[in-house]
Amino acid sequence: MNKIKIGVIGCGGIANQKHFPAMKKNSDLCEIVAFCDIIKERADKACKEYGTDHAKSYENYHDLLSDPEVEVVHICTPNVSHSKITVEAFEAKKHVYVEKPMSHNTEEAERMVQAWKKSGMQFTVGYQNRFRPEVMNLKKACEAGDLGEIYYAKAHAVRRKAVPTWGVFPNKALQGGGPLIDIGTHALDITLWCMNNYDVDTVSGQVFYKLGRLHGAEEGNLFGPWDPDTYEVEDSAMGFIKMKDGALINLEASWALNILDSREASTTLCGTLAGAEIHSGMSYPQNELIYNRARGGQLMQESISPSGQIAYFEGGGGGEEGTADCRQWLEAIRKGTQPLVKPQEALVVTRILDTIYKSAELNTEIRF
């Protein structure tokens, strides 16, 4: 069986913490034959560590896309560049895995979807948190109707003080935003996916530029002090998403917020038959899934507590969910089946996040 040949564009943090280790663990299905980064030394280093004996390293991604050996492209670059590289990759007839979020705004994300449909290639987005065991368990419960009609939900992506101080995270021109599109995107994806509800009616929200630009607020940050003078993105954002069937989702996202409970890539679902909460993040030693319902005349709780981490911070090792995500993606390419994370779903996530930013700017509710 011939291995799928992959080229990686962007050899920074997320590539080293998630993509490279995950592909190494799936080396029976794939091999990395090309690496590209605007800092050539990073591409060279990754090439030596993870590449085949004849792997190539590039400084210009156009050269990688022109490489006939490359069948699949993983795009691990700053958010604002996702759309342009993805569109050109499809034009070069490559399958594409792009890191989350799909793009920094709706228009660019729609261009990506159009290019994908025209290409006939495979396409997915990096929402690996779907593959965590507690998320999979909750998804199956929702599909089985165990919660009944889910009419209210919370998507949690709240850090107390954990602003990423490496890379380009505070750079609005390259990232397009802060915690809302960085970690809020994961929480929203989990919530929409479990509810299986993508029919949005209206969106409203508020975006806060408070602590990020306040001198002294950086004290106690998990990743060391940030520079308030170069911090350009929001430090927290909140959104309300009303669905066409009347269901409501409350989305909360922050890198810095004076709050005790830090919950990240988590969701709370409230149904007519039962409720469920996923607890994960810095306030929890391990990920938890808790169901709540009435039984035998009493209120009951049922807890499922698998171990595992949810984030890819510096020094991370790939994570089981990243490995599982990578494997199903490779198998989807080989078999010609749909990957678990569908582009149409990722597009809705990006549209919602983009609309929260616009709602805050215009100070009004926006109809989808």
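The values are calculated or read from the model by the stated rules, or taken from the named source; none is laboratory data. Nothing here was measured: the structure is a model prediction, and the numbers come from that model. Ideal geometry is used to build each Cβ from the backbone, glycine not excepted, and the neighbour counts take in all protein chains shown. Each accessible area value is taken on the protein alone, full model and side chains, heavy atoms only, with ligands, DNA and RNA left out. Shrake-Rupley method; radii C 1.70, N 1.55, O 1.52, S 1.80 Å.
The figures follow:
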read-out: Evaluated over the range 151-194, the Cα radius of gyration and Dmax, each in Å; value: 12.3, 39
read-out: DSSP-defined antiparallel bridges as percent of all bridges, the chain, nearest 5; value: 60 percent
read-out: Over the range 181-235: Kirkwood hydrodynamic radius from C-alpha pairwise inverse distances, Å; value: 13.8 Å
read-out: Per-residue SASA entry for residue 232, accessible area with 1.4 Å probe, Å² rounded to 10; value: 80 Å²
read-out: Estimated dipole of the chain in Debye, rounded to 20 [Cβ of Lys and Arg +1, of Asp and Glu -1, Cα centre]; value: 620 debye
read-out: Cα centroid separation - the range 235-256 against the range 177-197, whole Å; value: 9 Å
read-out: Distance histogram for the range 147-304 (every C-alpha pair counted, 10 angstrom bins, percent rounded to whole numbers); value: 11, 36, 31, 17, 5, 1
read-out: Cut-off 18 Å (backbone N to label point 7 Å along Cα→Cβ of residue 49), residues of the range 1-24; value: 7-24
read-out: Computed accessible area, residue 365, all protein chains, 1.4 angstrom probe, square angstrom; value: 110 Å²
read-out: The range 25-179, relative contact order [Cα under 8 Å, separation at least 6], %; value: 17 percent
read-out: Helix 106-119 axis, angle to the chain major axis (alpha carbon atoms, nearest 10°); value: 50 degrees
read-out: Entries in 25/45; 48/335; 139/342; 117/335 that, when Cα-Cα distance is taken, lie over 21 Å; value: 48/335
read-out: Pairwise label distance in nanometres, residue 59 with residue 143, each label 7 Å out on the Cα-Cβ vector; value: 4.8 nm
read-out: The range 1-133: translational diffusion in µm²/s, Stokes-Einstein, Kirkwood Rh over Cα pairs, 20 °C, 1.002 mPa s; value: 146 µm²/s
read-out: Fraction of accessible area attributable to carbon and sulfur, the chain (%, probe 1.4 Å); value: 49 percent
read-out: Charge-dipole axis of the chain as Lys and Arg at +1 and Asp and Glu at -1 on Cβ define it, positive-most pick from 119, 222, 61; value: 119
read-out: Degrees separating the helix 40-50 axis from the principal Cα axis of the chain, which is the longest one; value: 90 degrees
read-out: Residue-normalised accessible area of the range 1-140, given per residue in Å² at a 1.4 Å probe; value: 41 Å²
read-out: Kirkwood Rh in Å, taken over the range 69-201 so that all alpha-carbon pairs contribute; value: 16.5 Å
read-out: The chain, Rg to Rh (Cα coordinates; Rh as Kirkwood inverse mean 1/r); value: 0.96
read-out: Potential lengthening between residue 366 and residue 293 on full extension [0.36 nm per residue; Cα-Cα distance subtracted]; value: 22.8 nm
read-out: Crossing angle, helix 343-362 versus the chain [Cα axis fit, 0-90 degrees, rounded to tens]; value: 60 degrees
